[in-house]
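Structure first, then comments.
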Amino acid sequence: MHFTRRRLLGAGAGLTAMGLAPARVWAELALGNAKVSTVSDGSLLLPGDFIFQHMPEVELAKVLQEAGVPRDRLAPECNVTLYQGGGNTVLFDVGSGPDFMPTAGNVTESLDAIGVAPDDITHVVFTHAHPDHIWGLLDDFDDPVFANATYMIGSDEWDYWWNPNTVDTIGEARAAFAVGAKRRLEAIEDQIERFDDGQEIFPGIAAVASYGHTPGHMSFEIRSGSTSALIAGDAIGNHHVAFHKPGWLSASDQDPALAAKTRAQLCDRLVTDDMTLIGFHLPNGGIGRTEKASDSYRFIQDI
Ligand SMILES: [Zn+2]
């Protein structure tokens, strides 16, 4: 029997039986005349030490118990942001593609479910070049998935991953990240534009340097009148320790001390400026608000 992709999407049980997460739009947000959605690329499966390795265990246990998160195993969602406004259809990050983890790489199916084809994407903007954010650039045949898109990346992020020495300096555990990023950036070298901190990359959307998770990680502030949202990428990478203890050093960050400083600053700004937060690995589609609670923060999703 011949299955079209559309038929498969209509058959959620069939998808699950095939080991694929059902495609869905997670969450939507109206910002002026623009629409911001998150679409699921699936999820990752990671050992707890990926984040928690150097954290104080007794205090950590309390934070995780309160959040209902196990110590040994993490299954973070991957939420790609879709911005539709001003005649542009923009993806912020592209997910993992077919080569990273079997639980991820579903973004094109999720887009298809809301009537957005890969060729409709006018721009792809990267927060950073880790596998779960950039490997989805290429399909099974190493062809670009978003054939009509202009690509955009922060200048420092580009310089870091383009540097041939990075594979030797990044450390053994992440050497494959360096090889994978370089290969994909080479594939789009002629279609990429670089931007810097504070630059307005589209009307009402400005780049916000949020270095530490990677050397050139960028977040994005979307502003419409008095309403604003922050696409944080992995600068705020989970809904538990990142909010409860933003100053703790996380093993998932390439420069943990700088990432902690960045995280604390972003949390403060989200509260002070009353911004909506859109996080790539935050739960239930990743859109919510940040609330201050004594000397820590909470991620709230009752918007
Ligand atoms: Zn990530």
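The values are calculated or read from the model by the stated rules, or taken from the named source; none is laboratory data. Predicted, not measured: the structure shown is a model, and the values here were computed from it. When we count neighbours, we look across all protein chains shown, and the Cβ atoms used for this are built from the backbone with ideal geometry, even at glycine.
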Enumeration of residues in region 119-177 that are surrounded by 14 or more Cβ atoms within 10 Å (Cβ to Cβ), β-branched (Val, Ile, Thr) and away from the ligand (no atom under 16 Å from the Cβ): 121, 122, 145, 150, 166, 167
Scope region 263-276; condition more than 15 Å from the ligand (Cβ to nearest atom) and either under 18 Å from the mean Cα position of the chain (by Cα) or part of a helix (DSSP H, G or I) (or both); matching residues: 264, 265, 266, 267, 268, 269, 270, 271, 272, 275, 276
Extreme residue, farthest from the ligand (Cβ to nearest atom), among residues of region 33-55 that are farther than 21 Å from residue 299 by Cβ and touching a residue at least 40 places away in the same chain (Cβ under 8 Å): 33
Selected residue (criterion: surrounded by the most Cβ atoms within 10 Å (Cβ to Cβ)) from residues of region 180-203 that are of a type in the set (A, V, I, L, M) and under 20 Å from the mean Cα position of the chain (by Cα): 181
Test: residue in region 105-122 that is at pLDDT below 95 and in contact with a Leu (Cβ under 6 Å, 6 or more places away or on another chain): yes
Region 235-262: number of residues that are part of a helix (DSSP H, G or I) and closer than 20 Å to residue 130 by Cβ: 9
Those residues of region 277-303 which are part of a loop (DSSP other than H, G, I, E, B), surrounded by fewer than 16 Cβ atoms within 10 Å (Cβ to Cβ) and in contact with a Lys or Arg (Cβ under 9 Å, 6 or more places away or on another chain), in sequence order: 301, 302, 303
Helices (runs of 4 or more DSSP H) wholly inside region 111-192 that include at least 2 residues being touching a helix residue (DSSP H, G or I) at 6+ places or on another chain (Cβ under 8 Å) and not β-branched (Val, Ile, Thr): 155-162, 175-187
